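One structure is given here, and the rest of the page talks about it.
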Amino acid sequence: MRKRLPSFSLSSYGAGWSANRRIAIVASVVAVLLAIAGIVALLTGSGNGHQAPDTATPAPADSPSSTEAAPKPSSGSGSVPKPPQIAEPVAYAKAAAQMLWSYDTRNTSRDQQLAGMRGWMTTEPKYADWTSVSGQVPDPVLWSRMADQDQHATGSVTEGHYPSAFKAALADDPSAITEAYIYVVTVNGKQQIAWKKGGDGAEERAVTLAVQCRPNHDCTLAAIAPSVTQ
């Protein structure tokens, strides 16, 4: 049976948020919405339970540093698309998920991948959890191995929706969202992966995102939850 190469996927890297950022997110966003135990569980949960695909070579044990800084914009963004001008939370979350599930090591360096992803983030430090996003990118050694095999992937989205706990919280207090304007959205889809000599594979993907959509402004990405909530 043909072995599969390590894939870059949301379910395989960055299992949790930093303690300081988690506190900030909970205090600034979740605590504003009263009686939302489901959302609190979402933001303090562990990984989403998906397994990474089989690997051709052992993956490095170390994950990207939780304090890794975003590359400067001058490094370019390679194949990473620019964020769309969308003011609707679910639509933006779907676009962000597709971006996160897509990459091309043939023409994009790891620094470029990170720089491109950083362009989707909110510019409000109080709500931006860059660690949860940058943690999705494989470490430099694994990215180099993927590049050696011309590994690339394309994400596709089947649907996006507000988790039931988030909808219940809004129903209890519709005005609570107006402090941070951060919406929780779960997106489901698929990631198609390919590499040298005709190698390929596909996997189902799911991710829960925190998206900021202030009135009269385009949406931005605030954070990636460590577990998927439907």
### Task
Looking at (1) assigned to a strand (DSSP E or B); (2) under 24 Å from residue 110 (Cα atoms); (3) under 14 Å from the mean Cα position of the chain (by Cα), find the lone condition where residue 136 falls short.
(1)
### Query
Quick check, is residue 229 among the hydroxyl-bearing types (Ser, Thr, Tyr), surrounded by 15 or more Cβ atoms within 10 Å (Cβ to Cβ) and farther than 28 Å from residue 109 by Cβ?
yes
## Note on the structure
Going through (1) out of contact with any Pro (no Cβ under 6 Å at 6 or more places or on another chain); (2) under 16 Å from residue 183 (Cα atoms) one by one, residue 136 fails only at (2)
### In the stretch 105-119, the residues that are open to solvent by 20 Å² or more (accessible area, probe 1.4 Å), under 19 Å from residue 141 (Cβ atoms) and in contact with a Gly (Cβ under 8 Å, 6 or more places away or on another chain)
109, 112
### Task
Report whether or not residue 168 is open to solvent by less than 60 Å² (accessible area, probe 1.4 Å), assigned to a helix (DSSP H, G or I), modelled with pLDDT under 95 and more than 15 Å from residue 98 (Cα to Cα).
yes
### Task
Report yes if some residue within the stretch 187-198 is in a helix (DSSP H, G or I), of a type in the set (Val, Ile, Thr) and either more than 17 Å from the chain's Cα centre (by Cα) or under 22 Å from residue 217 (Cβ atoms) (or both); otherwise report no.
no
### Pick from the stretch 94-112, criterion in a helix (DSSP H, G or I) and within 13 Å of the chain's Cα centre (by Cα), ranking: farthest from residue 149 (Cα to Cα)
94
### Task
Would you check if residue 128 is of a type outside the set (Lys, Arg) and without any contact (Cβ under 8 Å) to a residue 24 or more places away in the chain?
no
### Task
For residue 150, work out the one condition from (1) over 22 Å from residue 118 (Cα atoms); (2) of a type in the set (D, E, K, R); (3) touching a Phe, Trp or Tyr at 6+ places or on another chain (Cβ under 9 Å); (4) assigned to a strand (DSSP E or B) it doesn't fulfil.
(4)
### Message
Where the second residue is open to solvent by less than 10 Å² (accessible area, probe 1.4 Å) and assigned to a helix (DSSP H, G or I) and the first is touching a residue at least 12 places away in the same chain (Cβ under 8 Å) and lies in the stretch 93-109, which pairs have Cβ atoms under 7 Å and are six or more apart or on separate chains?
### Response
103/113; 105/146
### Query
Quick one: how many residues across the stretch 113-128 are outside any loop (DSSP other than H, G, I, E, B) and over 16 Å from the mean Cα position of the chain (by Cα)?
0
### Top-ranked residue in the stretch 153-165 [being part of a strand (DSSP E or B) and open to solvent by 70 Å² or more (accessible area, probe 1.4 Å); ranked as farthest from residue 89 (Cα to Cα)]
154
### Query
What number goes with the only condition from (1) under 22 Å from residue 82 (Cα atoms); (2) in a helix (DSSP H, G or I) that residue 207 does not pass?
(2)
#### Entry: Members of the stretch 129-141 that are touching a helix residue (DSSP H, G or I) at 6+ places or on another chain (Cβ under 9 Å) and either open to solvent by 10 Å² or more (accessible area, probe 1.4 Å) or more than 19 Å from residue 210 (Cα to Cα) (or both)
130, 131, 138, 139, 140
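The values are calculated or read from the model by the stated rules, or taken from the named source; none is laboratory data. Predicted, not measured: the structure shown is a model, and the values here were computed from it. No Cβ is skipped: glycine too gets one built from the backbone with ideal geometry, and neighbour counts run over all protein chains shown. The accessibility values were calculated without ligands, DNA or RNA, using every heavy atom of the protein model including side chains. Shrake-Rupley method; radii C 1.70, N 1.55, O 1.52, S 1.80 Å.
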